[in-house]
Amino acid sequence: MNATSPDTAPDPGRIVLLTTSHRVAPGLLSWPAWQALRTADRVLCADGAHPQLPYLREAGIRVDEAAPTAQELVDDCAGGRTAVVVATGEGDPALTDGLARLAGSGRVRMPDLELLPASYDLPGARLLDLVQVMDRIRTECPWSSRQTHEGLAKYGIEEAYELVEAIEAGDREELREELGDVLLQVVFHARIAEEHPQTPFSVDDVAGGIVAKLVHRHPHVFGDETATTPEEVKEHWLRTKAVEKRRTSVTEGVPLGQPGLALATKLASRVRTAGLSVPLPSGEGIGYELLAMAARAEAEGVDPEAALRAAARAYRDAIRQAEGVSGAEGGEDAEGGEDPEV
């Protein structure tokens, strides 16, 4: 029997692997995806509970709940037929691995293989994953399920300092990680807040509040006002903030629990911004000297906390050099290691 020549061999057809994002509402598919679905000879999905199936069927597309092998799918496409596989959340590795093996064997004339993303994540979509993961951890983890706002407070302070350290070190990888740790604190506290018996709120309430605040305090972006310099932006910000807070003193809203240099600098900034003339208190001792230095640094546009940390790092390096120690510092203090949950 004569072998079939390549010119007369039947068209092997086409296989389209359709992927969707669970972070986008089901049914919101791209136009190329709908075209592929409507023109396919067969549409398959191995997961009968796939969230896209009700919407595809509502659109008049017949979907077979089937999980064929790679060879069966190749055979089904013979003669120029097109099969669209609606991928499951796991990505159907058995099928894709099988197709890869057939293609690599060189013994099978393969259909055209196409990976078609039917929906794409919007910016910030992974935040939805974080909220879902946090919800499950809060429910199922023996440690996380017992945490309170008060118990987590120290971690918020620690993570904020570690973020500042990563910024000052210029380590981009460390910066990304520390931003994630700070974000975790926000989501964790918001999840705990959902359980409050009298005044619960969620992470959506937190996000909604800051969105409303940002829009209100940026009338030059979202409204009719104009600002062309950073100074004008700051004027808008202070003016709208004053109306919102209705404070009777510029000291209101200044947390007294922050580090001393930062506290002194914040008070000096509030006084200067408000145009007040308040002489520094006089007194004996290093505290008053530090207060005067912090006020002077703020007037000169210098962050005394950052400046002192930079000087302290130089002092640390000098100590290590005197000790004959070189290279990076060692790991976490054995007595002060981080809790594994945060």
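Residues of the stretch 214-255 that are in a loop (DSSP other than H, G, I, E, B) and more than 26 Å from residue 160 (Cα to Cα): 223, 224, 225, 226, 227, 228, 229, 246, 247, 248, 249. Of the helices (runs of 4 or more DSSP H) lying entirely inside the stretch 80-169, those containing at least 2 residues that are of a type in the set (Ser, Thr, Tyr) and in the same structural domain as residue 36 (by TED's automatic domain parsing) span 93-105. Quick check: is even one residue across the stretch 251-268 in contact with a helix residue (DSSP H, G or I) (Cβ under 8 Å, 6 or more places away or on another chain) and basic (Lys, Arg)? Checked against the condition, which is being in contact with a helix residue (DSSP H, G or I) (Cβ under 8 Å, 6 or more places away or on another chain) and basic (Lys, Arg), the stretch 251-268 yields no hits at all.
When the stretch 256-284 is filtered for residues that are part of a loop (DSSP other than H, G, I, E, B), more than 20 Å from residue 238 (Cα to Cα) and touching a residue at least 12 places away in the same chain (Cβ under 8 Å), the ones remaining, listed by number, are 259, 280.
Can we say residue 306 is outside the structural domain of residue 166 (by TED's automatic domain parsing), on the phi < 0 side of the Ramachandran plot and in contact (Cβ under 8 Å) with a residue 24 or more places away in the chain? Taking the combined requirement at face value, the residue satisfies it. The number of residues in the stretch 29-85 that are surrounded by fewer than 17 Cβ atoms within 10 Å (Cβ to Cβ), touching a residue at least 12 places away in the same chain (Cβ under 8 Å) and within 33 Å of the chain's Cα centre (by Cα) comes to 8.
All of 192, 210 fail the test of being surrounded by 15 or more Cβ atoms within 10 Å (Cβ to Cβ) and of a type in the set (A, V, I, L, M, F, W, C), apart from 192.
Output the number of residues of the stretch 41-72 satisfying the condition of being touching a Pro at 6+ places or on another chain (Cβ under 6 Å) and in a helix (DSSP H, G or I). Result for the stretch 41-72: 1.
The residues of the stretch 110-126 that are out of contact with any Lys or Arg (no Cβ under 9 Å at 6 or more places or on another chain) and either surrounded by 14 or more Cβ atoms within 10 Å (Cβ to Cβ) or without any contact (Cβ under 8 Å) to a residue 24 or more places away in the chain (or both), listed by number, are 110, 116, 117, 118, 123, 124. In the condition set (1) in a loop (DSSP other than H, G, I, E, B); (2) modelled with pLDDT of 90 or more, residue 336 is compliant with all but (2).
The values are calculated or read from the model by the stated rules, or taken from the named source; none is laboratory data. Remember, it's a predicted structure, so these values are computed and weren't measured experimentally. Reconstructed Cβ throughout: ideal geometry from the backbone, glycine too, with neighbour counts over all protein chains shown.
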